[in-house]
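Here the structure comes first, spelled out in structure tokens, and everything after it is commentary.
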């Protein structure tokens, strides 16, 4: 039910709108300015509101302020905020909406954390169920799903990666004392890890000997640390390096795997690369 004082004000204002009583008009102009200030404080635009619209807005706020739901909310507001001063209903409603949104975000984060925890537990179980080898990147076995790989990989290597769909890459993953671009490839059908590659920066021919060959030797040493010495090594001449073909520098005899380091070029820029993959994977330089 509308309060009697407000009804009288609204009724009187309606009469004033239809007459030309200057003293009363001045009084209600003052009230209009007061209501406009309330509207502005509530974040609404009063620029194009008529007197009738202002009265309707105030009437609505008065009705809201008298509802049991609002009175209960106001009591909770005063208890939590610790304010006993007069407060506009819109302020209390806005406070409650902000609180609701914050709580929703907290619940969303909590849900994601719970899901992530569950996914991580599933990733651990998947990892433990797969055969292990010394060639597994960071101890994460070949054949693991992409989702599980990412969860386990981020735990061991917090550096940001780029997801390209069937492969992800890190621009500066640390291998021993060096940082190289590293890419992990997943089967397009099964979405499971099948290969990873370690690649140096590409340089012009003038830097082949002092940069690319050194990178090839550094990458080889990194793999020797994890895999043992290579089964075969090769000397690579300048003209042995072909465009988009990885000319072997070091190779490992690995049952079920293809492991080698080589040199290649693309658009007259030279680079070193290691490829470690399951033997049923068709790798490319």
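No lab work stands behind these numbers, since they all come straight from the coordinates. For clarity, every value in this text was computed on a predicted model and none was experimentally measured. Cβ: placed from backbone, ideal geometry, glycine included. Neighbour counts: every protein chain shown.
Quick notes
- Pairs of alpha carbons in the stretch 116-155 whose separation is greater than 12 Å (percent): 50
- Ordering 80-89, 267-276 by mean Cβ neighbour count within 10 Å, with the highest value first, yields 267-276, 80-89.
- Diffusion of the stretch 206-278 by Stokes-Einstein, at 4 °C in a medium of 1.567 mPa s and with Rh set to the Kirkwood radius over alpha-carbon pairs, works out to 104 µm²/s.
- Shape call, the stretch 70-201: gyration tensor on alpha carbons, a/c limit 1.5: prolate
- Stokes-Einstein translational diffusion, the stretch 145-238 - Kirkwood Rh over all Cα pairs, 1.567 mPa s, 4 °C, in µm²/s: 86
- In nm, spacing of pseudo-spin labels at residue 121 and residue 103 (7 Å Cα→C-beta vector): 2.7
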